[in-house]
Amino acid sequence: MEKDLRSILKCVRCGTCRSVCPVFEEAGWESASSRGRMLIALGIHNGLEVDENVLNSLNMCTTCGLCEQMCPSGASPVQVVQDTRRKLMLKGRMTDAQLVLRDETTSKGNPLGETQYRHSWLGDIADIKKHAPYVFFVGCLGSYRYPELTRRTFDLLKKFDVTLIPEEVCCGSPLLRTGSDPDSLVSKNMEQIKKIGAHTIITGCAGCYTTLKNDYPGDLKVIHVSEFLAERLPEMDLKHLDLKVTYHDPCHLGRCNGVFDAPRKIITSICELKEMKSHHEQSRCCGAGGGVLKGYPDLSMALSKKRLEEIPEGVDYLVTSCPLCRTNLQRGGPKVEVIDILDLLKMAMK
């Protein structure tokens, strides 16, 4: 908590975060801004009574990191929010959504409540090699909500000596973001990765990416599937498409981890790219992260609609590289279809 306290005290209450926070823009309350949450975290440190309003303030944050990107004082509101959520969870103070998310994920290995075999999308179980240099970490949404996309992705990746984790479970991102302990999930995944002997983990989900890269032990290399394939474009015999698309940067892939070029390299090798109004480091959040889609679906929907207003005219598709972003952007009722970057790649394959 001392590290968080130092970050809290860096906040000079300048209000820069208020000008960029998508939740504050929608809700309008000081407690819905990063500055307000920092004050609340300080209050909790000093013994503030935690009521429903305090829990809502902390849990309405999508952890998009735009406030941190813009903060002139170098404060880390996202980490403070996550750590404060964790502190309160340990004391039994949580929202119903946090409780359900924790219990579903720890008991079933995913936050979606699914009980069937995670790799049921896989045509041939023999494609799971015992040893390989690369592991494709599918993720929960890829496994259960986008099985066809996952099958196509793995069919492409397995040509490059990529395998799967036989008994993959959630990476732990939903628990980390909402204040719960992901250690049992991390241990189960890591044990299998070590057994496979892989040196690199590939994933197509921004949440999985940031968790595997920044919260897992060891020195494993973690890359997004767009990074892996962007280096192998000459081997894929692609055709140019007469399309114009725009690209949504997922917060936990782009702003938080700096993966901007690889998705754009794939897109521009296939068709024309027209950027959204805000992009790269300044990109607006889709509204789903940090447990907000689960806990505050109406707020999440409103943030999605705001992001969709930034789609430029004359494009055929909105492309993204995160299944959670895709899910929430689809909820917002876009004027064009939302597709994954691998969907675009498939269109261009001869």
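The values are calculated or read from the model by the stated rules, or taken from the named source; none is laboratory data. These numbers come from a predicted model, not from an experiment. Because the Cβ atoms are built from the backbone with ideal geometry, glycine has one as well, and the counts that use them run over all protein chains shown. Ligands, DNA and RNA are excluded from the accessible area calculation, which covers all protein heavy atoms including side chains. Shrake-Rupley method; radii C 1.70, N 1.55, O 1.52, S 1.80 Å.
Worth a mention:
- Ranked by how many other beta carbons lie within 10 Å on average, peptides 249-256, 124-131, 264-271, 333-340 from highest: 249-256, 264-271, 333-340, 124-131
- Between amide H atoms placed 1.01 Å from N, distances below 5 Å from residue 163 occur with 134, 135, 136, all of them 5 or more places distant or on a separate chain.
- Share of carbon and sulfur in the accessible area of the chain stands at 50%, probe radius 1.4 Å.
- Estimated from helices alone, the mean residue ellipticity of the chain at 222 nm is -13000 deg cm²/dmol (sum of -39500 (n - 2.57) over DSSP H runs with n ≥ 4, per residue).
- Total charge dipole magnitude, the chain, about the Cα centre, Cβ charges on Lys, Arg, Asp, Glu only, Debye to nearest 20: 300
- Only protein heavy atoms count here; under a 1.4 Å probe, residue 306 has an accessible surface of about 70 Å².
- For segment 173-232: relative contact order, % (alpha-carbon pairs under 8 angstrom, 6 or more apart): 31
- Residues whose placed amide H lies under 5 Å from that of residue 222, excluding near-sequence neighbours: 201
- Between residue 52 and residue 261, the FRET efficiency from the beta-carbon distance, with R0 = 56 Å, is close to 0.80.
- Within the full protein context, the accessible area of residue 62 is estimated at about 10 Å² for a probe radius of 1.4 Å.
- Taking all protein chains together and rolling a 1.4 Å probe, residue 205 ends up with roughly 20 Å² accessible.
- Relative contact order computed over segment 2-94 (Cα-Cα under 8 Å; 6+ residues apart), in percent: 37
- Cα-centred dipole magnitude for segment 1-59, charges only on beta-carbon of K, R (+1) and D, E (-1), debye, nearest 20: 400
- In this entry, the chain is assigned a mean projected area of 16.8 nm², taken as a quarter of its C-alpha convex hull surface.
- Based on protein heavy atoms only, the chain ends up with 43 Å² per residue of surface accessible to a 1.4 Å probe.
- For segment 282-305, the residues whose backbone nitrogen is under 11 Å from a point 7 Å from the Cα of residue 69, taken along Cα to Cβ, are 282-286.
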